[in-house]
Amino acid sequence: MSTLLARFRGFLPSAAAAALQRQPLRFGSATAAAKLQELALEENCILVDESDRVLGNASKRDCHRVDPDGNIRLHRAFSVFLFNSRGEMLLQRRSTHKITFPDCYTNACCSHPLHDIEGEREELNALGIRRAAQRRLNYELGIPLSQVRPENFHFLTRIHYADRGDGVWGEHEIDYILFLQKDVDLKPNEGEVSEIRYIARNELDQQIASLEAPLTPWFRLILAHRLPLWWDNLHRLKKHVNLGEIERF
């Protein structure tokens with residue numbers, strides 16, 4: 001565990017960043033990206049049942065491997081939807097080095113709370129999830145930790161979904177949905193993210209139709225069933241909070 005924690009603290013993008021303009025920014029591949037992705041498979045996710053009760057832990061590798069019967073181990077995850085003060089949503093394109101769903105467009109940040117980090121196992125008010133989101137926004141997008149405090153996130157609901165991906169690597173998650181509206185400094189980690197852009201609500205359909213790569217399955221699902229409603233109520237999110245059940249589409 002100490003090795004993992006040292007890597008989280010030591011491989012964080014610089015906090016210094018220029019404000020993102022409306023035009024997409026593209027970044028080259030990091031030399032060590034493939035190795036870092038391989039090392040990340042050693043991290044331990046939190047295994048849960050279909051009611052989101054903790055069952056134990058397993059490596060990220062074991063949680064994302066599709067077994068011979070097509071099954072994938074159910075684990076906790078989160079998806080962050082980040083909006084600026086103009087109400088535009090950040091879209092990222094995953095690096096080609098990603099193990100699951102490489103070179104796909106998705107929401108600002110999608111990852112996992114880790115069993116290896118004690119604070120990310122905290123369940124009260126989804127504090128562990130919030131801490132994990134803060135850590136990953138810093139790691140993937142270079143957002144300073146001070147700009148994305150755990151209390152800044154709006155926890156809306158949980159979604160249970162599964163996708164077998166390429167038949168080797170897939171997803172099966174209880175996905176915690178977090179919304180955040182804030183102007184932040186960005187310096188993407190090129191080993192994680194190859195492109196970022198902000199899109200306006202009234203351009204959503206046009207922008208999605210013009211993308212040069214597919215969407216991740218969780219983003220595609222949320223886009224089809226919930227995102228337009230939530231986005232239209234960005235300043236009235238409380239009335240759409242659903243913490244009492246796990247949604248399935």
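The values are calculated or read from the model by the stated rules, or taken from the named source; none is laboratory data. Everything numeric in this text was worked out from a predicted model, so none of it was measured. Cβ sites come from the backbone with ideal geometry, for glycine too, and all protein chains shown count toward neighbours. For the accessible areas, the whole protein counts, side chains as well, though only heavy atoms, and no ligand, DNA or RNA atoms are used. Shrake-Rupley method; radii C 1.70, N 1.55, O 1.52, S 1.80 Å.
Grab the other residues whose beta carbon is less than 13 angstrom from that of Leu156, score K and R as +1, D and E as -1, and report the net.
Around Leu156, the charge tally is +3.
For region 44-248, what relative contact order do you get, as a whole percent, if you take Cα pairs closer than 8 Å and at least 6 residues apart?
Relative CO of region 44-248 lands at 26 percent.
Return the carbon/sulfur percentage of the accessible area of the chain, one whole number, probe 1.4 Å, all protein chains in place.
With neighbouring chains kept in place, the figure for the chain is 48 percent.
Would you work out the charge dipole size for region 44-248 about its Cα centre, treating the Cβ of every Lys and Arg as +1 and the Cβ of every Asp and Glu as -1, and quote it to the nearest 20 debye?
With Lys and Arg at +1 and Asp and Glu at -1, about 460 debye.
Lys182: which lysines have alpha carbons under 28 Å from its alpha carbon, excluding same-chain residues fewer than 8 sequence positions away?
Lys98, Lys238, Lys239
May I ask you to derive the relative contact order of region 93-174, considering only C-alpha pairs under 8 Å and at least 6 residues apart, and to give it as an integer percent?
Contact order relative to length: 21 percent.
Net charge around Glu171, counting only other residues with Cβ within less than 14 Å of its Cβ (Lys, Arg = +1; Asp, Glu = -1)?
Taking every other residue near Glu171 into account, the sum is +3.
Work out, step by step, the length gained on full extension between Asp166 and Leu41: first 0.36 nm times the residue separation, then minus their alpha carbon distance; give nm to one decimal.
Working it through step by step, the gained length comes to 43.3 nm.
Cα centroids of region 92-123 and region 193-231: how far apart, whole angstrom?
17 Å
Kindly report the accessible area of the chain per residue (heavy atoms of protein chains, probe 1.4 Å, no ligands, DNA or RNA), in Å².
About 46 Å² of surface per residue is accessible.
Find the relative contact order for region 29-154 and round it to a whole percent, using C-alpha pairs within less than 8 Å whose residues are 6+ positions apart.
Contact order relative to length: 19 percent.
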